[in-house]
Amino acid sequence: MDARLNIFGNPVAGQIIKHLSAAGRVLTETTVPESTMELVRLRASQINGCGFCTDMHAKEALAAGETAQRLLLVAAWREATVFTEAERAALELAEEGTRIADASGGVSDDVWADATKHFDEEQLVALVTNIALINAFNRLNVMIRQPAGDYVAGSFG
């Protein structure tokens with residue numbers, strides 16, 4: 001399978017990805033645990049059907065020390081006992097933020113209130129931005145049908 005566009009060889013796409021990636025690097029300077037950020041990226045990518053990002057973020061999480069058990073359970077996090085309450089709040093925020101067009105009113109007050117119990121304002125900015133960025137990358141990759149499966153952890157780091 002070939003992508004519809006070569007985003008890695010196109011100068012305009014390269015500039016766009018460079019700037020989106022730069023915004024993502026700012027998130028590493030926040031106090032939200034990187035494991036939480038990767039779980040959020042993985043869950044949004046699963047919802048959006050982005051094989052490239054699902055592959056990438058599962059491999060990045062594994063390389064950073066995340067367990068296979070937790071990664072395998074991200075899609076069923078509500079029934080899983082392996083996530084903290086803060087991670088559960090972040091995953092629920094990611095789901096509602098990703099499904100924003102499906103939810104009347106976007107992210108519900110209850111989901112937002114739960115997130116505020118676990119994260120301060122700076123962390124909420126980081127989580128919301130993380131969700132927005134991964135959704136942008138997911139949409140880009142899904143539209144161009146970027147192939148999945150060959151990503152090597154650390155390739156974009």
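Key figures for this structure:
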quantity	calculated
First in region 2-20 and within 19 Å of ASN138 (Cβ to Cβ) and in contact (Cβ under 8 Å) with a residue 40 or more places away in the chain, second anywhere and outside any helix (DSSP H, G or I) and among the polar types (S, T, N, Q), Cβ under 8 Å, 6 or more apart	ALA3/GLN146; ILE7/GLN146
Candidates VAL74, VAL128, VAL107 - the one that is among the β-branched types (Val, Ile, Thr) and either part of a loop (DSSP other than H, G, I, E, B) or modelled with pLDDT under 95 (or both)	VAL107
The lone exception for GLN69 - which of (1) in contact with a Gly (Cβ under 8 Å, 6 or more places away or on another chain); (2) touching a residue at least 12 places away in the same chain (Cβ under 8 Å); (3) more than 29 Å from ASP2 (Cβ to Cβ); (4) surrounded by fewer than 17 Cβ atoms within 10 Å (Cβ to Cβ) it fails	(1)
Residue satisfying condition, being touching a Pro at 6+ places or on another chain (Cβ under 8 Å) and either crowded, with 20+ Cβ neighbours inside 10 Å or among the aromatic types (Phe, Trp, Tyr) (or both), within set PHE83, PHE52, PHE8	PHE52
Criterion: closer than 18 Å to GLN123 by Cα, surrounded by fewer than 19 Cβ atoms within 10 Å (Cβ to Cβ), of a type in the set (D, E, K, R) and touching a residue at least 12 places away in the same chain (Cβ under 8 Å) - qualifying residue of GLU29, GLU38, GLU34	GLU34
Failed item in (1) outside any helix (DSSP H, G or I); (2) in contact (Cβ under 8 Å) with a residue 24 or more places away in the chain; (3) farther than 20 Å from LEU20 by Cα; (4) of a type outside the set (A, V, I, L, M), with TYR151 passing the rest	(3)
Region 86-137, subset among the polar types (S, T, N, Q) and over 23 Å from THR54 (Cβ atoms), residue surrounded by the fewest Cβ atoms within 10 Å (Cβ to Cβ)	SER104
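The values are calculated or read from the model by the stated rules, or taken from the named source; none is laboratory data. Bear in mind the structure is a predicted one, so any value in this text is a computation, not a measurement. As a convention, Cβ positions derive from the backbone with ideal geometry for all residues, glycine included, and neighbour counts pool all protein chains shown.
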